[in-house]
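**Q** Dropping a structure here in structure tokens format, bear with me for questions.
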Amino acid sequence: MEELSRKLSEIDALETWKDHVQGFSRHEVAEVYERAQPLWVHRMIYENKLYLHPDVIEQLERQDCIPNDLHKRMIWASLIASDESPNSKRRMYKIKDGLIRKYGQDWWEDVYSRLKHVYAAKERIKKIHSGSAVSAFIANTFIGSEAANDERIKALRMIPRS
């Protein structure tokens, strides 16, 4: 079970976890998910793959990366808004259907209402690294990396924390 939990925690596409637990009992799946979830959240935060308000990140860290219901909504909004693949729209509708089945229409509407804020923050963060000269400055200088980090935090503050 521990190995499966670790394997799941390395998969960015949270909605595909169910494909990796085929053949296990409901109880085993629940146990694996419970172990994998904080590992996944921790990894995604430290790889800068989740677009969450800095205060929310601090809350998650204080809670050992175990998200509450509101955090889960924020995380799903981050995953959907950060998808830049050619099939992002199809993936969003697949996630939407799954979330509605599991949590209900109101839960999905809350996730959906968060998307524009996350998308705006993501785009602002992308602009930080636009251009090879800027990217080199950020990568090779302390001042550049600090400035980029400060700008990232400002962008993440655009995302509501509640």
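**Q** Per residue, how many Å² of accessible area does the chain show with a 1.4 Å probe?
**A** Values: 9720 Å² over 162 residues.
Each residue of the chain exposes 60 Å² on average to a 1.4 Å probe.
**Q** How much length, in nm to one decimal, is gained on full extension between residue 55 and residue 34, taken as 0.36 nm per residue of separation minus their Cα-Cα distance?
**A** 5.2 nm
**Q** Give me the extension gain from residue 113 to residue 6: residue separation times 0.36 nm, minus the current Cα-Cα distance, reported in nm with one decimal.
**A** 35.4 nm
**Q** Another question, if that's okay. Residue by residue, what Karplus-based ³J(HN,Hα) values in Hz, rounded to whole numbers, does the range 41-58 have, using 6.51, -1.76 and 1.60 with θ = phi - 60° and x for Gly and Pro?
**A** 4, 4, 4, 5, 5, 6, 9, 6, 9, 10, 9, 9, 4, x, 5, 5, 4, 4
**Q** Another one. With point charges of +1 on the Cβ of Lys and Arg and -1 on the Cβ of Asp and Glu, referenced to the Cα centre of the range 1-112, which listed residue (11, 77, 100) lies farthest in the positive direction of the dipole?
**A** It is 100, whose Cα lies furthest towards the positive end.
**Q** If you build the convex hull over the alpha carbons only and average its shadow over all orientations, what do you get for the chain? Give it in nm² to one decimal.
**A** One quarter of the hull surface, i.e. the mean projection, equals 10.6 nm².
**Q** Right, another one. Tell me, what HN-Hα J-couplings in whole Hz come from the Karplus equation 6.51 cos²θ - 1.76 cosθ + 1.60 at θ = phi - 60° for each residue of the range 117-126, using x for Gly and Pro?
**A** 5, 5, 4, 5, 5, 4, 5, 5, 5, 4
**Q** So, one more: Which aspartates and glutamates have a Cα less than 14 Å from the Cα of residue 126, not counting those fewer than 8 places away in the same chain?
**A** Excluding near neighbours in sequence, the set is 83, 84, 150, 151.
**Q** Here's another thing I want to ask about it. Computing the accessible area with a 1.4 Å probe over protein heavy atoms, can you report the carbon and sulfur percentage for the chain?
**A** Exposed carbon and sulfur together represent 53 percent of the surface.
**Q** Please work out the C-alpha center-to-center distance from the range 133-160 to the range 9-26 and express it in whole Å.
**A** Rounded to whole Å, the Cα centres lie 34 Å apart.
**Q** Shifting gears a bit: Once phi is turned into θ = phi - 60°, what whole-Hz ³J(HN,Hα) does the Karplus curve with 6.51, -1.76 and 1.60 give for every residue of the range 19-36, x standing for Gly and Pro?
**A** In residue order, the calculated couplings are 5, 9, 10, 4, x, 9, 6, 4, 5, 5, 4, 4, 5, 5, 4, 4, 6, 6 Hz.
**Q** Just how large is the dipole of the range 1-153 about the Cα centre, in debye to the nearest 20, putting +1 at every Lys and Arg Cβ and -1 at every Asp and Glu Cβ?
**A** 620 debye
**Q** Using the Cβ atoms and a cut-off under 14 Å, what net charge is assigned to the surroundings of residue 24, where Lys and Arg are +1 and Asp and Glu are -1?
**A** Numbers: positive: 7, 18, 26, 35; negative: 2, 3, 19, 28, 31, 34.
Taking every Cβ under 14 Å from that of residue 24, the sum is -2.
**Q** Next question, about the same structure. Kindly provide the helix-only [θ] at 222 nm of the chain, computed as the sum of -39,500 (n - 2.57) over DSSP H runs of four or more divided by all residues, to the nearest 500 deg cm²/dmol? Before the final figure, lay out the partial values.
**A** Details: 8 runs with 116 residues, N = 162.
That calculation yields -23500 deg cm²/dmol at 222 nm.
**Q** While we're on this one: Work out how much length residue 146 to residue 18 would gain on full extension: take 0.36 nm times their residue separation and subtract the Cα-Cα distance, in nm to one decimal.
**A** Roughly 42.2 nm would be gained on extension.
**Q** Next up: If you keep only loop residues by DSSP, which trypsin sites (Lys or Arg not before Pro) in the range 25-124 have at most 16 other Cβ atoms within 10 Å of their Cβ?
**A** Passing both the DSSP loop test and the Cβ count: 49.
**Q** Could you sort out which of 89/122; 49/154; 7/89; 18/94; 96/127; 49/102 sit more than 20 Å apart by Cα distance in this structure?
**A** 7/89; 96/127; 49/102
**Q** Dividing the convex hull volume of the Cα atoms of the range 77-162 by its residue count, what figure in Å³ per residue is obtained?
**A** It is 97 Å³ per residue.
The values are calculated or read from the model by the stated rules, or taken from the named source; none is laboratory data. It should be emphasised that the depicted structure is a prediction, and the values quoted were computed from it without experimental measurement. We place every Cβ from the backbone using ideal geometry, glycine too, and count neighbours over all the protein chains shown. Protein only, heavy atoms only, side chains kept; ligands, DNA and RNA dropped before computing areas. Shrake-Rupley method; radii C 1.70, N 1.55, O 1.52, S 1.80 Å.
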